[in-house]
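The values are calculated or read from the model by the stated rules, or taken from the named source; none is laboratory data. The structure presented is a predicted model; accordingly, all values stated were derived computationally and were not measured. Cβ placement follows ideal geometry from the backbone for every residue including glycine, while neighbour counts extend to all protein chains displayed.
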Amino acid sequence: MAAEPHGGNRRWLPAVVRPLTGGQAAPPARSAAAEYRWLIAVTLAALLLFGYGLGAGSLWDQDEPKYAGVSREILETGDPITLHSNGRPWFVHPPLFFWLQALTGWAFGFTEATVRIWSAISGAGAVAVTFLLARLFYGPATGVLAAAILATTFQFLVQSRLGVFDPTLVLFMVLALYMYLVSYTSGSSRAAVWAWVWAGLATLTKGPIGLLLPAMAVVGLWFVRRDRSAWRRTPLVGPALFCLIGLSWYLIEALRHGEPFLRSAVGYYLFNRFFGVVENQPGPWWFYVPVLIVGAFPWTAFLPAAVVYHTRRRRELGSQVILLWSGITLLFYSLAGTKLPNYVLPVYPLLAIGIARLWEESPTGLMRTATGLLAATAAAFVAAIALHGWTKFPSEMLELRGPLAAAAAVFAAGPLLAAGLMLIRRRLPALAALLLTPVVAVPVLVHLTLPAMERYRPLPRIARAITGAAHPSDAVAAVEMNMSASLGFYTGRRIVWVESPGDLAQAICDHRRLFVVVPPHQPSWWTPASLPAGARLQVEDGGYRIFLKEGPGPCSGREGAQ
């Protein structure tokens, strides 16, 4: 069965087609207008949730300040094509997200809020597309609920509040999937072209994975439904636009830089990311199981029931897309050699639709199972966060027990209340309790937990101390701290990364005035005697020490700034 687009919607949003369930006739204009209002409402609500207190807390090493630094260097170098990090060409990711960050940095300056704003906007956009996808499959009521579930899913909420490109990638990916499905169900060749355009933008954000994941889901759908008609009616302008948008940057950089670019961007960060291990980020095949248990909170308890529900309805298009997209995404990244929690972010929009449909029909047996899991998942979520904190930051966890306990109480209370309400068959209040859990948690984190944690994040303070004392020509060296990109971001300077005694000796030789930052866990080869006799301790904060070396050399045969 194919659904026809609403004639009145063709101009500005051709993708709003009638739901596929039940073969309903197109809704009257008044109903369509109400659906547009719901679409706008859920998008703005998500943007408010993702944007509330967005500037709270300094940038988190290393990705946030690293990406912000790359974006700032676009403005400093005047080169938007070849990205730079710490003054050197950076052949890691394509440039679209960094262009967006550079734009807001140019307009409003580089602050925590402006660095993160595009993630909040992209996250809200993905919530809007989730509404449209769920509406296409099941109707507007499911769309509203699916959008609300996605916005309140823990991992999606967190990453939509960080200055990283994953929400932007997810937005373009689900737009590509959505437009393909519109083309598939309506026969619209224009929607097929738009699917290629969005896939091109996803590729310009993260690389070929922006096309690969949607394409694998589409090919899987062809095999499941034994229907490849949408491919045959795709105008050639679609793939041409994809190549122009998504691949032209790779071609330009290959022509500009040749083998160094191809070896890094294509060989190491593309193929080796899957077939090998990039930047020491391995993981077992089950790596994403605990990621989903924590990341899908407070909806984790409903994942097993949703899988069973949609498996039973695997002949329906909506269930097929949900199972294929989620399964292919998880399988692909589980097989990859490099594993990071953020890789599976694209799975959440379709999981949200799957859970929303489960809630809408509420089959008794499956919902009873989910109710029994609610308390367990709440306990597992709090325990996982606490265990991670105690393992990595035991002393800080003890001193921050008050603010952290307040946040943990909010996260635990919602699912426990929901479980109790569901036991007495109060499902609507139970749903409200789950939706409100992250909504209440965000202000607690913004106003209580994050400010308390800033006391134990000294690098921004150290950077301010250096900035206040440094001359324009001074240099900053950091001893075995190359994962601490926030030092470069907050000083606004390029950092001399010191990894050995030879690196330190060269930095001392090269710079007449040199600030040297030493971390709390200093390397075995370091002693204050590694610096010239006149070097002075300037600041000590959180175990970090800043030394200032003034005057020439010594160079010991090296050529330096004498």
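When the residues of the range 283-337 are filtered to those that are among the hydroxyl-bearing types (Ser, Thr, Tyr) and closer than 23 Å to Ala176 by Cβ, which remaining residue is surrounded by the most Cβ atoms within 10 Å (Cβ to Cβ)?
The extreme case among them is Ser326.
Being among the hydroxyl-bearing types (Ser, Thr, Tyr) and assigned to a helix (DSSP H, G or I) is the filter; apply it to the range 426-459 and report the residue that is surrounded by the most Cβ atoms within 10 Å (Cβ to Cβ). For the range 426-459, the residue satisfying everything is Thr437.
Considered as a group, the residues in the range 194-214 that are without any contact (Cβ under 8 Å) to a residue 60 or more places away in the chain, among the aliphatic types (A, V, I, L, M) and more than 16 Å from Val347 (Cβ to Cβ) include one that is surrounded by the most Cβ atoms within 10 Å (Cβ to Cβ), and that residue is Ala199. Applying the criterion of at least 1 residues that are within 15 Å of Ile209 (Cβ to Cβ) to the helices (runs of 4 or more DSSP H) found wholly in the range 228-276 leaves 237-242, 248-257, 272-275. Is it the case that the range 318-336 has a residue that's of a type outside the set (Ser, Thr, Tyr), outside the structural domain of Leu150 (by TED's automatic domain parsing) and over 22 Å from Gly210 (Cα atoms)? No, every residue in the range 318-336 fails to be of a type outside the set (Ser, Thr, Tyr), outside the structural domain of Leu150 (by TED's automatic domain parsing) and over 22 Å from Gly210 (Cα atoms). With respect to (1) more than 22 Å from Met216 (Cα to Cα); (2) touching an Asp or Glu at 6+ places or on another chain (Cβ under 7 Å), the lone exception for Phe108 is condition (2).
Matching residues to (1) modelled with pLDDT under 90; (2) buried (at least 21 other Cβ atoms within 10 Å of the Cβ):
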site	(1), (2)
Leu13	yes, no
Thr21	yes, no
Gln24	yes, no
Tyr36	no, no
Gly53	no, no
Arg72	no, yes
Glu76	no, no
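Could you run through the range 81-99 and say how many residues are assigned to a loop (DSSP other than H, G, I, E, B) and either within 22 Å of the chain's Cα centre (by Cα) or buried (at least 22 other Cβ atoms within 10 Å of the Cβ) (or both)? Looking only at that region, the number is 7. Annotation note: Cβ proximity below 7 Å between a residue of the range 266-293 that is of a type outside the set (Ser, Thr, Tyr) and a residue that is surrounded by fewer than 17 Cβ atoms within 10 Å (Cβ to Cβ) and not in a helix (DSSP H, G or I) (sequence gap 6+ or interchain) occurs for Phe274/Gly337; Phe275/Gly337; Gly276/Gly337; Val277/Gly337; Pro282/Gly337.
Meeting the requirement of 3 or more residues that are modelled with pLDDT under 90 and among the aliphatic types (A, V, I, L, M), the helices (runs of 4 or more DSSP H) wholly within the range 331-425 are 364-392, 401-423.
Among the numbered conditions (1) surrounded by fewer than 14 Cβ atoms within 10 Å (Cβ to Cβ); (2) in contact with a strand residue (DSSP E or B) (Cβ under 9 Å, 6 or more places away or on another chain), the only one that Ile462 does not meet is (1).
Out of Ala418, Ala441, Ala433, one residue alone is closer than 23 Å to Ala45 by Cα, without any contact (Cβ under 8 Å) to a residue 24 or more places away in the chain and not assigned by TED's automatic domain parsing to the domain that holds Ala56. It is Ala433. Taken over the range 485-506, the residue count meeting the criterion of being surrounded by 17 or more Cβ atoms within 10 Å (Cβ to Cβ) and farther than 22 Å from Pro458 by Cβ is 2. Can you name the number of the only condition in (1) surrounded by 14 or more Cβ atoms within 10 Å (Cβ to Cβ); (2) under 17 Å from His93 (Cα atoms) that Ser248 fails? Failing condition for Ser248: (1).
For the condition at negative phi and buried (at least 23 other Cβ atoms within 10 Å of the Cβ), Ala113 does not qualify. Checked against the criterion of being among the hydroxyl-bearing types (Ser, Thr, Tyr), within 24 Å of Val127 (Cα to Cα) and surrounded by fewer than 18 Cβ atoms within 10 Å (Cβ to Cβ), the range 352-375 has at least one qualifying residue.
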